[in-house]
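These notes concern the structure reproduced below.
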Amino acid sequence: MTSTASADTTARISDPAEAQRRILRVLVASQILSGAGLAAGVTVGALLAQDMLGTTSLAGLPSALFTTGSAIAAVVVGRISQARGRRPGLATGYLTGAVGSAGVITAAVLDNPVLLFTALFVYGAGSATNLQARYAGADLAAPGHRARDVSTVLVATTLGGVAGPNLAAPAGTFAEHLGIPNLAGPFILSGAAYALAAFVLALRLQPDPLLLARTVARAEEAGAAAGAADAGADAEAAGEGRGGVVLGALVMVLTQLVMVAIMTMTPVHMHDHGHGTAASGLVIAVHIGAMYLPSPLTGWLVDRYGRMKIAAASGTTLLAAGILAAAAPGDSVALLALALALLGLGWNFGLVAGTAIITDTVPLATRASTQGMVDVSIAVAGATGGMTSGIMVAVTSYPALALTGGILSLALLPAVAATAYRR
């Protein structure tokens, strides 16, 4: 059924460039919705657990369960996409996130911590799907335009990500009118946003980008002259990404590890120096903006100057962020905000460049499943960074953590240099 529908749609939209423009519009719409769903729920997950349990000792568990659920969902969404296309894979992931949101609301009404933690695990599927959607933007993109199309999908998440937390308070008030605990209100928004994102993708993501990309590849292979010309273009595009999956994954995993570790402990560091939640919230807001808003520029830079150069720039930018965070006086909100802005920018460089490298070098036959496994590694890296950062700060200090993270990011440089040397 899926393949027949895809074939019919492919027949109607024979121009891959036209299809790509349509696909990007649909992905942008779904990412705005899913970004709101992700940000709204994450904002209050730990607070809901703390309120329900009456203690802070397990308040970090929601984040761990959310991350674990995200890692497992990345594999599942990747496999569904590999077998049946991006449309069913992404729609299933978002629908699962909506089910998790409904479970959280039910747990809050019943005051059931076990159900809460189970539901948060399921809710993590929305985060995994939100991240996987960037690959759908690259399936049909021309080799010289892939990074820009990936960045278009990424920056759309920012719009929803900004709206979600700002709607948390009204959602809480709305929940109270329904007899639902206030802190569960944002999950009403999350569930609705994820369900709408799934609906938009299931109804409008036609043609399916991955299935159409395979159809186009088969058609090009059938024509000897066209196939030879395209093979040369592909070889040139993949040249910078030689080293393939390992290099692309290393770039994204390392940037995620360093970013999460420093970001997680910055509000704690600021609190220890007498800053309130408003100041730390401002610094984190600047950081999140720097993670996503530069995406269009980053995509252009990656396509213009190459994957390897921007991957290397990611390492040096993260080093600058670590040095500045370590050197900034504890009472300087401005310097900490600048350090976190550099941290977000370095992460953005790494994610866009790493995604382009993976897409360039993984064949269509295994692309979606491989991308899913890479995103599992990213999720694990984020969880590792978050858990170990607190331990390191307790044993040493925040400046030591920031400096160590910056130095660790330099591991990208020899990896990029070695890959360039092998070309």
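In the stretch 372-382, is there at least one residue being more than 19 Å from Ala320 (Cβ to Cβ), in a helix (DSSP H, G or I), touching a Lys or Arg at 6+ places or on another chain (Cβ under 9 Å) and not assigned by TED's automatic domain parsing to the domain that holds Ala74?
Yes: one or more hits.
Residues to consider are Ala202, Ala136, Ala142; find the one that is under 30 Å from Ala383 (Cα atoms) and either under 15 Å from the mean Cα position of the chain (by Cα) or not polar (S, T, N, Q) (or both).
Ala136
From the residues in the stretch 372-389 that are surrounded by fewer than 23 Cβ atoms within 10 Å (Cβ to Cβ) and among the hydroxyl-bearing types (Ser, Thr, Tyr), which one is farthest from Gly69 (Cα to Cα)?
Looking at residues that are surrounded by fewer than 23 Cβ atoms within 10 Å (Cβ to Cβ) and among the hydroxyl-bearing types (Ser, Thr, Tyr), I get Thr388.
Residue check: is Ala138 closer than 30 Å to Gly289 by Cβ, modelled with pLDDT of 85 or more, small (Gly, Ala, Ser) and surrounded by 24 or more Cβ atoms within 10 Å (Cβ to Cβ)?
Yes, satisfied.
Looking at the stretch 157-170, is at least one residue without any contact (Cβ under 8 Å) to a residue 12 or more places away in the chain, of a type outside the set (Lys, Arg) and under 19 Å from Gln31 (Cβ atoms)?
Among the residues of the stretch 157-170, at least one is without any contact (Cβ under 8 Å) to a residue 12 or more places away in the chain, of a type outside the set (Lys, Arg) and under 19 Å from Gln31 (Cβ atoms), which makes the answer yes.
Any residue in the stretch 401-412 that is buried (at least 21 other Cβ atoms within 10 Å of the Cβ) and more than 30 Å from Asp272 (Cα to Cα)?
There is at least one residue in the stretch 401-412 that is buried (at least 21 other Cβ atoms within 10 Å of the Cβ) and more than 30 Å from Asp272 (Cα to Cα).
When the residues of the stretch 203-230 are narrowed to those that are surrounded by fewer than 17 Cβ atoms within 10 Å (Cβ to Cβ) and modelled with pLDDT of 90 or more, which ends up nearest to Ala102 (Cα to Cα)?
Here the residue is Leu203.
In the stretch 1-117, which helices (runs of 4 or more DSSP H) lie fully inside it and hold 3 or more residues that are of a type in the set (Val, Ile, Thr), more than 18 Å from the chain's Cα centre (by Cα) and modelled with pLDDT under 90?
Hits in the stretch 1-117: 2-12.
Got a sec? Which helices (runs of 4 or more DSSP H) wholly within the stretch 142-214 have at least 1 residues that are among the small types (Gly, Ala, Ser) and under 13 Å from Ser34 (Cβ atoms)?
146-166, 185-204
Can you confirm whether the stretch 142-155 contains a residue that is free of Cβ contacts under 8 Å to residues at least 24 places away in the same chain and touching a Gly at 6+ places or on another chain (Cβ under 7 Å)?
Within the stretch 142-155, not a single residue is free of Cβ contacts under 8 Å to residues at least 24 places away in the same chain and touching a Gly at 6+ places or on another chain (Cβ under 7 Å).
Determine which member of the set Thr298, Thr264 is buried (at least 17 other Cβ atoms within 10 Å of the Cβ), within 15 Å of Gly385 (Cα to Cα) and not assigned by TED's automatic domain parsing to the domain that holds Thr158.
Residue meeting the stated conditions: Thr264.
Do the conditions hold for Asp360, that is, is it closer than 14 Å to Leu254 by Cα and among the charged types (D, E, K, R)?
no
The values are calculated or read from the model by the stated rules, or taken from the named source; none is laboratory data. The structure presented is a predicted model; accordingly, all values stated were derived computationally and were not measured. Every residue, glycine among them, receives a Cβ derived from its backbone with ideal geometry; neighbour counts consider all protein chains shown.
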